[in-house]
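Novice: Right, I'll just put the structure down here and ask away after.
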Amino acid sequence: MTELMARRAVLARIRAESPLVHNITNHVVMNWTANVLLAAGASPAMVHAVEEVEDFVAISRALVINIGTLDAGFVAGMEKAAARAGHAGVPWVLDPVGVGATRYRNEVCARLLALKPAVVRANASEVMALAGVEAAQRGVDSLAHSEAAVDAARALSADSGAVVAVTGATDFVVQGDRVVAIPGGHPVSQRVTGTGCAASALVGACLAVAEPFEAAVAALFAMKAAAARASETSTLPGSFAVAFLDALAGEP
Amino acid sequence: MTELMARRAVLARIRAESPLVHNITNHVVMNWTANVLLAAGASPAMVHAVEEVEDFVAISRALVINIGTLDAGFVAGMEKAAARAGHAGVPWVLDPVGVGATRYRNEVCARLLALKPAVVRANASEVMALAGVEAAQRGVDSLAHSEAAVDAARALSADSGAVVAVTGATDFVVQGDRVVAIPGGHPVSQRVTGTGCAASALVGACLAVAEPFEAAVAALFAMKAAAARASETSTLPGSFAVAFLDALAGEP
Amino acid sequence: MTELMARRAVLARIRAESPLVHNITNHVVMNWTANVLLAAGASPAMVHAVEEVEDFVAISRALVINIGTLDAGFVAGMEKAAARAGHAGVPWVLDPVGVGATRYRNEVCARLLALKPAVVRANASEVMALAGVEAAQRGVDSLAHSEAAVDAARALSADSGAVVAVTGATDFVVQGDRVVAIPGGHPVSQRVTGTGCAASALVGACLAVAEPFEAAVAALFAMKAAAARASETSTLPGSFAVAFLDALAGEP
């Protein structure tokens with residue numbers, strides 16, 4: 001089986017099995033990432049209350065934790081869910097949105113990393129911040145290129161045990177000696193909010209049906225392919241976002 | 001007046017009167033259901049704080065309670081709003097998203113049902129869970145067909161006093177001996193998040209201008225008609241969702 | 001430089017500098033206003049937790065506070081952020097969604113106004129409510145025309161020291177003796193949720209690169225121009241909203 005076929009097989013399994021993916025994610029992208037997961041064929045649910053996250057993650061096949069609009073209530077839910085996921089063998093992905101921008105984000109991410117995500121999906125400056133490397137950052141946006149974060153990704157992977165997926169103009173999936181580069185996509189993606197968050201959500205769906213490294217590669221590959229196809233329809237952000245969902249749902 | 005004319009008359013009244021519809025709904029669909037209500041001609045507001053829900057529901061013509069991303073703060077607002085709606089004679093609709101999936105959802109729904117919604121709008125497995133019948137469920141999605149839930153809907157209606165609207169490939173509105181079946185729509189609706197939530201919101205708008213049974217039928221009929229029209233434009237989820245709002249706003 | 005050129009220069013600076021704009025806004029519009037800010041070239045972030053708003057506003061170039069779905073947790077974050085913005089010299093805009101509808105909204109707005117926003121962006125009934133004038137209102141929608149609120153805007157501006165921007169069929173930017181009227185746009189805007197919230201967010205982006213009066217005028221002018229261009233593509237709300245983002249991103 002070629003690599004391309006292997007990546008497509010992961011996406012095909014999502015469509016065939018429609019795995020339940022539990023998301024504790026930020027307010028900005030809840031609708032968007034639910035629609036991305038549905039377009040890809042998964043069954044998303046957004047559930048954050050401390051009263052029920054443990055019950056819910058136990059019936060799910062993967063968990064997505066995204067700290068974008070974190071607050072004490074959501075963080076409590078994230079920690080409970082991640083801990084239970086660990087005991088129940090449910091793989092999870094961490095999206096450390098904006099880590100490095102405030103001390104609060106740094107502290108929360110340190111606690112979440114200790115709970116052993118299978119994958120960390122982040123932009124270059126976030127990966128560098130998690131690895132303790134100085135990075136240029138503007139709020140939740142990276143000013144560094146993804147290439148510049150590959151060494152930091154390797155260090156972060158070694159420290160945390162997670163596969164690290166750095167997204168940018170070219171995406172890199174890193175663990176130990178393995179590095180897969182995924183070029184493609186289109187720059188207009190950066191003018192649609194939640195493209196990175198959508199990548200993390202899709203990694204979550206892939207984690208339900210594949211091993212972490214393979215899952216991250218398949219998800220980022222699918223994101224790049226859908227963005228490239230959508231950019232043939234439009235390179236303006238409103239219609240691009242619509243075309244992106246269509247492309248993801250229409251992938252062969 | 002034929003049945004079709006009666007249903008259209010309900011929608012026409014919404015456009016003529018633009019009733020204020022108070023929503024306490026989930027984070028995933030707040031933008032989407034606000035846009036659905038605006039497209040239909042209603043005046044939506046999303047207000048959940050315990051400090052103001054009682055004041056707000058008292059100036060509203062209907063209330064929508066949707067537990068999708070419930071937590072203790074939102075549940076407190078829901079209970080206060082529903083209780084005040086009861087005293088003020090403001091009809092309300094309950095959308096028990098994901099009931100059956102966790103004990104917390106079951107407990108919250110039991111308390112809300114006791115506050116007497118005029119309509120319960122749910123998918124098959126949610127109706128079956130509320131009626132105490134074993135149901136196949138995947139997170140917030142039903143694995144049962146709507147037909148399979150008609151008996152449970154009748155039992156739930158008898159117990160709660162509410163009109164019960166079960167949505168699916170065919171929708172059913174049930175109360176006592178009355179059952180109206182509403183076929184139509186398009187399966188792509190299932191790949192857009194919040195289609196069911198939008199149906200509940202539209203039931204809320206119809207409750208502002210019509211009796212509960214008639215309101216539920218008119219709302220679900222309008223949803224099916226808009227979905228059918230939108231599917232003529234696209235059956236891919238991104239562009240379908242856009243076309244759905246257009247169809248709802250452009251309905252004659 | 002003509003007035004039109006001056007307004008365009010503000011928007012061009014946003015695209016050139018991509019200023020970080022800190023938003024504490026409502027759940028309904030977080031995705032939409034983030035996309036509006038990205039389309040205009042700014043770098044939005046939504047951050048509300050009391051644990052980090054002070055750190056975050058200090059690295060931002062402007063702050064947007066929108067009370068649409070306020071609750072105690074968000075209000076605490078808003079007050080901390082606004083106070084810190086004052087000390088750090090970060091200009092901010094207040095969007096007092098639905099003020100006048102409940103006592104809670106009135107109290108929160110009084111506290112926020114005392115923290116000295118550079119601009120208040122609101123609809124006619126909200127401006128009238130803040131100025132203590134009786135106004136016709138339906139939930140979060142104004143039933144008064146923007147013209148009717150110009151005197152109230154002048155009074156509110158005198159009291160608060162803020163530039164007051166009243167939006168409606170014609171927008172008015174008011175401070176002291178200065179009044180600029182901005183006609184244009186298209187009525188379909190009223191059937192897309194968060195058009196006013198988007199105007200406030202864009203005022204925030206303009207505040208990062210221009211003085212308050214000039215910022216408000218440039219933002220509302222850009223909104224009207226984008227709405228007019230989008231209405232050439234569609235006057236139905238789903239496709240209009242998509243075309244609006246495209247128009248904002250494609251502005252010369």
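The values are calculated or read from the model by the stated rules, or taken from the named source; none is laboratory data. Owing to the predicted nature of the structure, the values given are computational and were not obtained by experimental measurement. Note: ideal-geometry Cβ built from the backbone for every residue, glycine included; neighbour counts use all protein chains shown. Ligands, DNA and RNA are stripped out before the accessible areas are found, and what is left, the full protein with its side chains, is counted by its heavy atoms. Shrake-Rupley method; radii C 1.70, N 1.55, O 1.52, S 1.80 Å.
Novice: If you check C:Ala39 against the conditions, is it part of a helix (DSSP H, G or I), at the interface with chain A (Cβ under 10 Å from one of its Cβ atoms), under 28 Å from C:Ala181 (Cβ atoms) and not polar (S, T, N, Q)?
Specialist: yes
Novice: A further question follows. Cβ-Cβ below 7 Å, separation at least six or inter-chain, first residue in the range A:235-246 and of a type outside the set (Phe, Trp, Tyr), second open to solvent by 30 Å² or more (accessible area, probe 1.4 Å) and modelled with pLDDT under 95: which pairs?
Specialist: Close Cβ pairs satisfying both conditions: A:Leu236/C:Gly250.
For (1) closer than 18 Å to C:Thr167 by Cβ; (2) assigned to a helix (DSSP H, G or I); (3) within 14 Å of chain B (Cβ to nearest Cβ); (4) open to solvent by less than 40 Å² (accessible area, probe 1.4 Å), each residue gets a yes or a no:
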residue: C:Leu63; (1), (2), (3), (4): no, no, no, yes
residue: C:Ala81; (1), (2), (3), (4): no, yes, no, yes
residue: C:Ala85; (1), (2), (3), (4): no, yes, no, yes
residue: C:Val90; (1), (2), (3), (4): no, no, no, yes
residue: C:Val97; (1), (2), (3), (4): yes, no, yes, yes
residue: C:Gly100; (1), (2), (3), (4): yes, no, yes, yes
residue: C:Val108; (1), (2), (3), (4): no, yes, yes, yes
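Novice: To continue, here is another question. Of everything in the range C:1-27 that's more than 10 Å from chain A (Cβ to nearest Cβ) and in a loop (DSSP other than H, G, I, E, B), which residue is most open to solvent (accessible area, probe 1.4 Å)?
Specialist: That would be C:Met1.
Novice: Quick one: would you say A:Gly77 is open to solvent by 50 Å² or more (accessible area, probe 1.4 Å), modelled with pLDDT of 95 or more, within 17 Å of A:Leu113 (Cα to Cα) and more than 12 Å from chain C (Cβ to nearest Cβ)?
Specialist: No: the conditions fail for A:Gly77.
Novice: Another one. Scan the range B:110-117 and tell me whether some residue there is under 19 Å from B:Ala208 (Cβ atoms) and crowded, with 24+ Cβ neighbours inside 10 Å.
Specialist: Taking every residue of the range B:110-117 in turn, at least one turns out to be under 19 Å from B:Ala208 (Cβ atoms) and crowded, with 24+ Cβ neighbours inside 10 Å.
Novice: Just name the residue that is modelled with the lowest pLDDT out of those in the range C:131-154 that are aliphatic (A, V, I, L, M) and surrounded by fewer than 20 Cβ atoms within 10 Å (Cβ to Cβ).
Specialist: C:Ala136
Novice: Considering only residues that are of a type in the set (S, T, N, Q) and open to solvent by 10 Å² or more (accessible area, probe 1.4 Å), which ones fall in the range C:171-204?
Specialist: Of everything in the range C:171-204, those that are of a type in the set (S, T, N, Q) and open to solvent by 10 Å² or more (accessible area, probe 1.4 Å) turn out to be C:Gln175, C:Ser189, C:Gln190, C:Thr193, C:Thr195.
Novice: So which of C:Ile67, C:Ile59 ends up being hydrophobic (A, V, I, L, M, F, W, C) and either open to solvent by less than 10 Å² (accessible area, probe 1.4 Å) or in contact (Cβ under 8 Å) with a residue 60 or more places away in the chain (or both)?
Specialist: That would be C:Ile67, the only listed residue that is hydrophobic (A, V, I, L, M, F, W, C) and either open to solvent by less than 10 Å² (accessible area, probe 1.4 Å) or in contact (Cβ under 8 Å) with a residue 60 or more places away in the chain (or both).
Novice: May I ask you to say which residue of C:Ala135, C:Ala149, C:Ala129 is part of a helix (DSSP H, G or I), within 14 Å of chain B (Cβ to nearest Cβ) and within 25 Å of B:Ser18 (Cβ to Cβ)?
Specialist: C:Ala129
Novice: Still on this structure: Of these, A:Val64, A:Val50, A:Val99, A:Val108, which one is more than 17 Å from A:Arg121 (Cα to Cα), modelled with pLDDT of 95 or more and not charged (D, E, K, R)?
Specialist: Residue meeting the stated conditions: A:Val50.
Novice: Another question, if that's okay. Is it the case that some residue within the range C:231-242 is touching a Gly at 6+ places or on another chain (Cβ under 6 Å) and open to solvent by 20 Å² or more (accessible area, probe 1.4 Å)?
Specialist: Yes, the range C:231-242 contains at least one residue that is touching a Gly at 6+ places or on another chain (Cβ under 6 Å) and open to solvent by 20 Å² or more (accessible area, probe 1.4 Å).
Novice: Does B:Ala144 qualify as being touching a residue at least 12 places away in the same chain (Cβ under 8 Å), within 14 Å of chain A (Cβ to nearest Cβ) and in a loop (DSSP other than H, G, I, E, B)?
Specialist: no
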